[in-house]
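Heads up, the thing below is written out as structure tokens.
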Amino acid sequence: MATVAPTSRNLSPADAKEFTTTEPTPNKLDAGALFVLKSRGSWLHCGYHLTTAIVAPALLSLPFALALLGWEGGVAVLALAGIITFYSYNLLSLVLEHHAELGHRHLRFRDMAHDILGPGWGRYYVGPLQLGSCYGAVIACTLLGGQSLKFIYLLARPDGSMQLSHFIVIFGSFTLILAQIPSFHSLRHINLVSLILCFAYCACTTVGAIYIGNSHKAPPKNYSLAGVGINRIFGFFNAISIICTTYGNGIIPEIQATIAEPVKGKMFKGLLVCYAVVISNYFSVGISGYWAFGNQVDSSVLQNFMVGSNPLLPKWFLLMTNGFTVLQVAACTLVYLQPSNVVLERRFADPKKGQLSARNVVPRLIARSLSVIIATTFAAMLPFFGDIMALFGAFGCIPLDFILPMVFYNLTFKPSKKGLVFWVNTVIGVGSTGLSLIGAVASVRQIILDARTYRLFANM
């Protein structure tokens, strides 16, 4: 379990009250919770973490998702997913606050599942699901960072010979250095910069799309849905998975764990900060990108800003936009590394030694470096960004963000079966389960189709 017993011998008075136990007689401290999930932040810091986790460069795939759904369906799904996720994350925070008031503060998703659903659910389902989803997000972010670096390189040297895999390694090396930052709370200033960068590259993307859409360089606008029959149906579900992924988080308990006591009401304020950024950026990028390029929009709208090696916008503008993207995706990568950092710290660190002692720094350096190297290798091997995001949305984001919060709330507070809350939660949970299964099939199918065209370590 990630919750630990407070003891004056091992914890300072300020930290001791932040770690309580859900087990009667724990026999050791959890180094992952103690070192990585320090509870010292404010609601504003929480807003920074939430924004970096949700408003990531995956949103550059929103115009592509709208192209698969059309104007009415795309905007409706984009709005509905935003409403449901805000509602879902708020429910999850209420459950966390409730258990904290009872003296059982949960610091990880799997701890919630352990207490609410049973030990097996936390150990064998929720824990691995969250870890796999977050690590998959690290891989996808590393891929996007490499693609953005390659874009910058081709602007400077259109005939350059460097491959995509080279840029993925460069980005991975940068991430490897930043990954050594010891705790989630230590990322608060980086995530504030990340929030500003979100506005910056989304504003650049929106302005660039509108400029191209109004110029003579604009492609013919065609908003008809691509594909027929089964291809169009699978396209619908693939698009829904992409949209759900862009709203996905999967680490709400870990983010709430960074908040100092008392926690009540702070997560809601953080969500308000986050969704102010979400609403302004998601709709501006999604609608402007689809309007400018129609059904010819690529899986990342920035790819439409160039035709071959010819930029449709001034080079300085494209360099600036991609520079913002690279920096923000690096922050996003660090956030989604935190669940694996918790696991690694728990396994290799000694909670009885100082966090910055040689005994803990050396294994942390080795373990986190290997984690980043493995993610970088997978990113170079599988350069299908849009398809990967859809798959993670179906398998990970939908269960963690759309299904489990409804289940946790209903089991914790037991709302009346005659009341609206119970049935709203039930309908969302059941509908999301079906969507997850269909979306997973659609995503795997699309990856198989792309695998026929592209090879491992392809230079896309």
Does Ala79 qualify as being closer than 21 Å to Gly286 by Cα, open to solvent by 20 Å² or more (accessible area, probe 1.4 Å) and either in contact with an Asp or Glu (Cβ under 7 Å, 6 or more places away or on another chain) or among the aliphatic types (A, V, I, L, M) (or both)? yes
Residues satisfying the stated conditions in the stretch 372-383, i.e. open to solvent by less than 10 Å² (accessible area, probe 1.4 Å) and of a type outside the set (A, V, I, L, M): Pro383
Selection over the stretch 84-96 where residues are open to solvent by 30 Å² or more (accessible area, probe 1.4 Å) and under 11 Å from Met406 (Cα atoms) yields a count of 3
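Filter the stretch 298-345 down to residues that are of a type in the set (S, T, N, Q) and open to solvent by 60 Å² or more (accessible area, probe 1.4 Å) and give me whichever is nearest to the chain's Cα centre (by Cα). Outline the logic, then answer.
The initial filter retains those residues of the stretch 298-345 that are of a type in the set (S, T, N, Q), namely 299-300, 303-304, 309-310, 321-322, 325, 328, 333, 338, 340-341.
Now narrow it down to the ones that are open to solvent by 60 Å² or more (accessible area, probe 1.4 Å): 303, 309-310.
On the way: Gln303: 21, Ser309: 31, Asn310: 32 Å.
Checking each candidate, the answer is Gln303.
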I'd like the residue in the stretch 443-460 that is modelled with pLDDT of 70 or more and assigned to a helix (DSSP H, G or I) and, out of all such residues, is surrounded by the most Cβ atoms within 10 Å (Cβ to Cβ). Ser443
Counted residues in the stretch 346-366 being assigned to a helix (DSSP H, G or I) and surrounded by fewer than 18 Cβ atoms within 10 Å (Cβ to Cβ) come to 9
If I filter the stretch 418-442 down to residues being surrounded by 17 or more Cβ atoms within 10 Å (Cβ to Cβ) and over 11 Å from Ile398 (Cβ atoms), which single residue comes out as modelled with the lowest pLDDT? Ala442
Pair list, Cβ < 6 Å and 6+ apart or interchain, from the stretch 172-188 residues that are over 15 Å from Ser340 (Cα atoms) to residues that are open to solvent by 50 Å² or more (accessible area, probe 1.4 Å) and at pLDDT below 95: His185/Arg40
Which residues, taken from the stretch 220-233, are farther than 21 Å from Val75 by Cβ and in contact (Cβ under 8 Å) with a residue 12 or more places away in the chain? Pro220
Determine whether Leu302 is aliphatic (A, V, I, L, M) and not in a loop (DSSP other than H, G, I, E, B). yes
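Could you run through the stretch 172-194 and say how many residues are open to solvent by less than 10 Å² (accessible area, probe 1.4 Å), assigned to a helix (DSSP H, G or I) and aliphatic (A, V, I, L, M)?
The initial filter retains those residues of the stretch 172-194 that are open to solvent by less than 10 Å² (accessible area, probe 1.4 Å), namely 172, 175, 179, 183-184, 187, 191, 194.
Okay, now just the ones that are also assigned to a helix (DSSP H, G or I), so 172, 175, 187, 191, 194.
Restricting the remaining residues to those that are aliphatic (A, V, I, L, M) gives 187.
Number of matching residues: 1.
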Do you know which residues across the stretch 109-152 are farther than 30 Å from Leu164 by Cα, over 16 Å from the mean Cα position of the chain (by Cα) and in contact (Cβ under 8 Å) with a residue 60 or more places away in the chain? Arg110, Asp111, Met112, Ala113, His114, Asp115, Ile116, Leu117, Val126
Residue under evaluation Gly136, criteria (1) in a helix (DSSP H, G or I); (2) farther than 25 Å from Asn191 by Cβ; (3) not aliphatic (A, V, I, L, M), criterion not met: (2)
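Would you point out which residue out of Leu149, Leu154, Leu131 is in a helix (DSSP H, G or I), modelled with pLDDT under 90 and open to solvent by 20 Å² or more (accessible area, probe 1.4 Å)? Break it down stepwise before answering.
On the way: Leu149 fails: modelled with pLDDT under 90; Leu131 fails: modelled with pLDDT under 90.
That would be Leu154, the only listed residue that is in a helix (DSSP H, G or I), modelled with pLDDT under 90 and open to solvent by 20 Å² or more (accessible area, probe 1.4 Å).
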Examine the stretch 97-109 for a residue that is buried (at least 24 other Cβ atoms within 10 Å of the Cβ) and part of a helix (DSSP H, G or I), and state whether such a residue exists. yes
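Being at pLDDT 90 or above and open to solvent by 70 Å² or more (accessible area, probe 1.4 Å) narrows it down to one residue among Tyr282, Tyr211; which is it? First the steps, then the outcome.
Values: Tyr282 fails: open to solvent by 70 Å² or more (accessible area, probe 1.4 Å).
Step by step, each of Tyr282, Tyr211 is checked, and only Tyr211 is at pLDDT 90 or above and open to solvent by 70 Å² or more (accessible area, probe 1.4 Å).
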Whichever residue in the stretch 160-171 is in contact (Cβ under 8 Å) with a residue 60 or more places away in the chain and open to solvent by 50 Å² or more (accessible area, probe 1.4 Å) and, among such residues, is nearest to the chain's Cα centre (by Cα): Val169
Check whether at least one residue in the stretch 207-215 is of a type outside the set (S, T, N, Q) and either within 21 Å of Cys46 (Cα to Cα) or outside any helix (DSSP H, G or I) (or both), and report yes or no. no
Does His114 count as open to solvent by 10 Å² or more (accessible area, probe 1.4 Å), more than 17 Å from Ile279 (Cα to Cα) and either among the polar types (S, T, N, Q) or outside any helix (DSSP H, G or I) (or both)? no
Which condition number does Ala218 fail, the rest of (1) open to solvent by 10 Å² or more (accessible area, probe 1.4 Å); (2) over 30 Å from Leu435 (Cβ atoms); (3) in contact with a Leu (Cβ under 8 Å, 6 or more places away or on another chain); (4) among the small types (Gly, Ala, Ser) being met? (3)
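Just wondering, is there one or more residues in the stretch 222-229 that are in a helix (DSSP H, G or I), open to solvent by 60 Å² or more (accessible area, probe 1.4 Å) and at pLDDT below 95? Break it down into steps so the answer makes sense when it comes.
Quick first cut of the stretch 222-229, residues in a helix (DSSP H, G or I) only: none.
So far as the stretch 222-229 goes, no, none of its residues is in a helix (DSSP H, G or I), open to solvent by 60 Å² or more (accessible area, probe 1.4 Å) and at pLDDT below 95.
The values are calculated or read from the model by the stated rules, or taken from the named source; none is laboratory data. These numbers were taken from a predicted model, which means no experiment stands behind them. Because the Cβ atoms are built from the backbone with ideal geometry, glycine has one as well, and the counts that use them run over all protein chains shown. Side chains are part of the model used for accessible areas, which takes the heavy atoms of the whole protein and leaves out ligands, DNA and RNA. Shrake-Rupley method; radii C 1.70, N 1.55, O 1.52, S 1.80 Å.
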